[in-house]
Amino acid sequence: MAAVATITGTAGRLRRRALALDYKWQSLMVAIVGSFMVMLDTTIVNIALPRITAVFGVSVDQSELVLTGYMLALAVVMPAAGYLTDTFGTKRVYLLVMALFTLGSALCGMAWDINSLVLFRVIQGLGGGMLMPLGMTIIYKAVPPQERGTIMGVFGIPLLLAPVLGPTLGGYIVEYVDWRVIFTLNIPVGALGLLLGATLLRETDRLRGLRFDTAGFILSAIGFGSLLLGLAHGASDGWGAPHIVAYLFVGTAALVVWVIVELDAPTPLLELRVLRNTIYGLATIITFITTVAMFSSMFLLPLFLQNLRGLGAMESGLLTFPQALASGVVMPISGRLFDRIGPRPLVLAGIVIVAYSTWQLSFINLATGDAELRWILIMRGAGMGFMMMPAMTAAMNTVPQHLVARASSLTNVLRQLFGSFGTAIVATILQMRQDFHQSMLAQTVTLDSPAVRSAVAAVQQTLIQHGASPAEAKAGAVLALGQQVAMGGAVRAFDDAFLLSAVVMLFALVPALFLTSTGVRGPGGPGQMQHME
């Protein structure tokens, strides 16, 4: 009888382990569908904006509300994801926001004017803003700390694949199909997400009696919304413009008051106290530096390829696709290594590789071959695969289980803000360096120079041979000279911006040196997860 009991008990344990193993991958599947859909939608809509402007016959400022409305909806709803999850359960909220995002996408595809499209984009953003933090929450609640590296390595693939695939797919759809398809494309994916979520997810425990942090919600909405608006339009409208100054001032003031309110609240909207944890704080600093550097380069390269090399959105997307492919290959490997050796060596190696490859980008010009550029991007993608998820996973491994939803919301809000900050800063620097280099070239490239006179004469002679009058040929030659000066200044400005991104990336080495293997299981046995007091 004892033997039978032992066998029965062993069989029961094996069944429970098998079910737990299955659920880890089931939860990962559900989280990937939602996160990939949102990330893809965020990048793909940008490509369709010029077509939307032309179809509805509106100004650029009006069409940009399509992006602004979505961004503001994200800023408002993302901080509330933790409270809603704790109060109503992860599965219920996930299915609700997935349905909301899918409905918003369907409505966007049927929009009849710019106002209706902006409204439907807000609906879409209210759902999309919570899908990413909810996906992370689902994974962290389903997977034990010692196995999170492997799972998060797979989960991180859509984070890097979607921003590269988005312009390629969006360019093809807008050019060869119809711009409305960029929205209706989400309907079958959303339906799949709803089906998987309803059948595979398990409901989490609900916390009774939680009070909604109304003050924190209002202040975070004002603060994050104003800052995102200021950062999004500061480079184009000018940082000294009255409305930009107002956005930044209101946003900063609201966030200062918000921090004070959150630290005093018994159940804050976002759990800022996790920043007191050493590992979480270090990982947040690393994420800030690397996100600023990476987003700046992700912003720069498509501009260089499309504005200076003259490639289309789809062509530039195909050229940069190997970077995402390299990240997708490396991320699962880095996830498995994380579970064995911890985050520090992976993050350090990733930072060095990304910094070096970004430095290599500072030497590109109009004559740089596609093959050379692809190899640089493959190296860069591999470095990003080693660096991104280990830092984020190390941070979340220090968070107690009951605070996972709140910490996940905080992580995603900060990542959104860091990315906007990086893009805004590099856009400003790019414009400043372009003005500087064009001014310097204009002082040296003059008609008094023998080399310039020779070049202008050659162009002038070519134009005359093609039927232009002497006066027209001279004007055309001078115009061509001005265009060459502008092009040369732009190329040098891009090189400066890439160099700055590489230097900024190296600053992340300092906090990475102190990133410990907390929560990681090595060969010697389980590591101890550090909890907050």
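The values are calculated or read from the model by the stated rules, or taken from the named source; none is laboratory data. Please read all numbers here as calculations on a predicted model, not as lab measurements. Ideal geometry is used to build each Cβ from the backbone, glycine not excepted, and the neighbour counts take in all protein chains shown.
Considering only the stretch 368-388, I want to know if a residue exists there that is in the same structural domain as ILE351 (by TED's automatic domain parsing), of a type in the set (S, T, N, Q), touching a residue at least 40 places away in the same chain (Cβ under 8 Å) and surrounded by fewer than 19 Cβ atoms within 10 Å (Cβ to Cβ). Checking the stretch 368-388: not a single residue is in the same structural domain as ILE351 (by TED's automatic domain parsing), of a type in the set (S, T, N, Q), touching a residue at least 40 places away in the same chain (Cβ under 8 Å) and surrounded by fewer than 19 Cβ atoms within 10 Å (Cβ to Cβ).
When the stretch 259-298 is filtered for residues that are aromatic (Phe, Trp, Tyr) and in contact with a Gly (Cβ under 8 Å, 6 or more places away or on another chain), only PHE295 remains. Among the conditions (1) modelled with pLDDT under 80; (2) assigned to a helix (DSSP H, G or I); (3) within 30 Å of PHE217 (Cα to Cα), the only one that VAL399 does not satisfy is (2).
Considering VAL118, VAL38, the condition of being within 16 Å of GLY193 (Cβ to Cβ), crowded, with 17+ Cβ neighbours inside 10 Å and at pLDDT 80 or above is satisfied by VAL38 alone.
Per the listing GLY328, GLY317, GLY310, the residue uniquely surrounded by fewer than 21 Cβ atoms within 10 Å (Cβ to Cβ), modelled with pLDDT under 85 and part of a helix (DSSP H, G or I) is GLY328. For first residues located in the stretch 267-292 and within 13 Å of THR398 (Cα to Cα), partners that are at pLDDT 85 or above and in a loop (DSSP other than H, G, I, E, B) and lie 6+ apart or on another chain with Cβ distances below 6 Å form the pairs LEU282/PHE514. Scanning the stretch 336-375 for residues that are within 15 Å of PHE304 (Cα to Cα), part of a helix (DSSP H, G or I) and among the aliphatic types (A, V, I, L, M) yields LEU361, LEU373.
As for the stretch 203-223, it holds at least one residue that is under 22 Å from the mean Cα position of the chain (by Cα), closer than 21 Å to VAL399 by Cβ and surrounded by 17 or more Cβ atoms within 10 Å (Cβ to Cβ). Determine whether ILE187 is out of contact with any Ser or Thr (no Cβ under 7 Å at 6 or more places or on another chain) and surrounded by 13 or more Cβ atoms within 10 Å (Cβ to Cβ). No; evaluated as a whole, the condition is false for this residue.
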